Amino acid sequence: MEVELREAPFDPAAELAAFAAPGAGAVVTFTGVVRGDDGVERLEIEHWPGATEEAIAAMVQEARARFALSAVRVVHRHGTLQAGEPIMMVLAAAPHRRAAFEAADFLMDWLKSRAPFWKKAHRAGSAAWVEARSEDEAALSRWGDGRGPASTVS
Amino acid sequence: MEVELREAPFDPAAELAAFAAPGAGAVVTFTGVVRGDDGVERLEIEHWPGATEEAIAAMVQEARARFALSAVRVVHRHGTLQAGEPIMMVLAAAPHRRAAFEAADFLMDWLKSRAPFWKKAHRAGSAAWVEARSEDEAALSRWGDGRGPASTVS
Amino acid sequence: MIEVLYFAWLRERTGLSRETVETQAATVADLVEELRARSEGHALAFSDLRAVRAAVDRRLAGLDAPLAGAREVAFFPPMTGG
Amino acid sequence: MIEVLYFAWLRERTGLSRETVETQAATVADLVEELRARSEGHALAFSDLRAVRAAVDRRLAGLDAPLAGAREVAFFPPMTGG
């Protein structure tokens, strides 16, 4: 399964161990973690059931079209996450390192700003929606014509 | 220990599990694997004892100076490796993803062409030293003035 | 009849995850004007349109996007995945 | 007295990992000329200098690098780590 959207915690090490990429010479992983700095106790991640899976699948398909990949996988959580818990993970394997790095980088840039997730940070006695960062939006232009993966919420 | 040079196999999943990066929001790993395609049965990796550790430590120090990292680690094997075995791994953790990606990318580029390792590929009935790829040498210029980490074999 | 979806603080402000709207709105902007009149919460949700994104039938769309034939319009703040 | 190190196919061709050389060579290129004369293996190792890299006291050095005060010179093909 290339895309997994889940509420339960997951173990990045187990994901890496289970990531089979026959023939790959390079494996790149990215893990996003709930930072506990700034007083954040937990994160609530809202998503758009159905559309989220479609959007991520389209991003994965686009990554496969752009980069010579042996294997790729995206795991993303929703619901309530505690500080220190992994939020999501991208795994990309390729014969050569450049493709693996670029695919992971590409997927992260698109997941950040075009996958329908919204984060709310809970601190002691307060909660606030996390605002999108302009750098994240700007990062999308690194991938050429600015058009996204050709499906859903893009 | 930020740099580990070893002859014995290692487990990338165990490395990721053990990689402690308090406060990091982003963890990027790169794993290089002996590709079994092209008939390669095993790889022999020669290195320069003493100088290799110094060179990698200097690269790690340079990565820390350039990127806002929470933690970093490099594991690299030498000796005889079988097809499918991990050769090396870079782990980089940072508050934000750009620094983690760039540090891993930077370290890979320098490790490829400026850490004193030489690979010999053994196929059925033949053995040949792996030639450096001009793309790898060219990749170093991505990191600015072309000067390397300021120590040993650089 | 258009199905309207709200996410994040647009959901909180309108107090709705979704609602079905009888409308002849020609564009997303027209629809927003109609929605604004529905309640104080709706008005608050759409008080600063620079902070609002829309998708028509699951495709990102600007305020001037036409609604002819559209079945679903979603409103949400900029996404914060990853 | 300079300690000379060989790696990879330079080691294989010279048949040596290291050797101590009595020399007055002023530059890396001068040293290479002296080493070439030591054996057929040495001559073969240095037959195509475009494929050879050198480090003087563990710093990458060109053929014109001076050897004044140098204690160690290493010869090797381009590195292939990672």
- Item | GNM result for chain A, Cα springs below 10 Å: residue of A:Ser70, A:Ser141, A:Ser126 fluctuating most strongly | A:Ser126
- Message: Ordered shortest first, which distances in nm separate the 7 Å Cα→C-beta label point of D:Arg18 from those of the other copies?
- Response: 7.4
- Query: If R0 is 45 Å, what FRET efficiency do you get for A:Thr80 and D:Leu60 from their C-beta distance, rounded to 0.05?
  - Reply: 0.25
- Query: Pairing the Cα long axis of helix B:51-66 with the longest principal axis of chain B, what angle in degrees results, from 0 to 90 and rounded to the nearest 10?
  - Reply: 30
- So for chain B: antiparallel DSSP bridges make up what percent, rounded to the nearest 5? 90
- In whole Å, how far is the Cα centre of region A:73-152 from that of region D:13-82? 50
- Rounded, prolate or oblate: pick one for region B:36-109, where a ≥ b ≥ c are the square roots of the eigenvalues of its C-alpha gyration tensor, a/c under 1.5 means rounded, and failing that, prolate if a/b is larger than b/c, else oblate. oblate
- How far apart are the A:Asp37 label points across copies, placing each 7 Å from Cα toward Cβ, in nm, shortest first? 4.1
- Quote the relative contact order of chain C in percent (integer), defining contacts as alpha-carbon pairs under 8 Å separated by 6+ residues. 38
- For A:16-28, mean number of other protein chain Cβ atoms within 10 Å: 5
- Query: Can you list, shortest first and in nm, the gaps between the label point of A:Gly50 and those of its counterparts in the other copies, using a point 7 Å from Cα in the C-beta direction?
  - Reply: 6.9
- Message: Just to be sure I understand: with springs between alpha-carbon atoms less than 10 Å apart, which residue in C:Glu33, C:Glu22, C:Glu12 has the highest mean-square fluctuation in the Gaussian network model of chain C?
- Response: C:Glu22
- Summed over the other residues with a beta carbon less than 9 angstrom from that of D:Val73, with K and R at +1 and D and E at -1, the charge totals -2
- Query: Plugging the Kirkwood radius over Cα pairs into Stokes-Einstein for chain B, at a temperature of 25 °C and a viscosity of 0.890 mPa s, what D comes out in µm²/s?
  - Reply: 153
- Task: Rounded to whole Å, how close does chain D get to the rotation axis onto C by Cβ? Give me the residue too, please?
- Result: D:Gly82, 14
- Summing Lys, Arg as +1 and Asp, Glu as -1, what charge do residues with Cβ under 9 Å from the Cβ of B:Ala83 carry, B:Ala83 excluded? -1
- Note on the structure: Expressed in angstrom and ordered largest first, the alpha-carbon extents of the protein assembly as shown along the principal axes are 95, 45, 36
- Item | Charge sum, other residues only, whose C-beta stays under 15 Å from B:Glu15's C-beta, Lys/Arg counted +1 and Asp/Glu -1 | -3
- Message: Tell me whether region C:2-76 comes out rounded, prolate or oblate; compute the Cα gyration tensor, take square roots of the eigenvalues as a ≥ b ≥ c, and use a/c under 1.5 as the rounded threshold.
- Response: rounded
- Query: Going by alpha carbons, how many degrees (0 to 90, nearest 10) lie between the helix axis of B:97-114 and the longest principal axis of chain B?
  - Reply: 40
- Three-way shape call for region B:1-51 based on the alpha-carbon gyration tensor, with the a/c threshold at 1.5: oblate
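Just so you know, all these numbers are worked out from the coordinates, no wet-lab data involved. Small disclaimer: the values here were computed from a predicted structure and weren't measured. In this analysis, Cβ positions are derived from the backbone assuming ideal geometry, glycine residues included, and neighbour counts consider all displayed protein chains.
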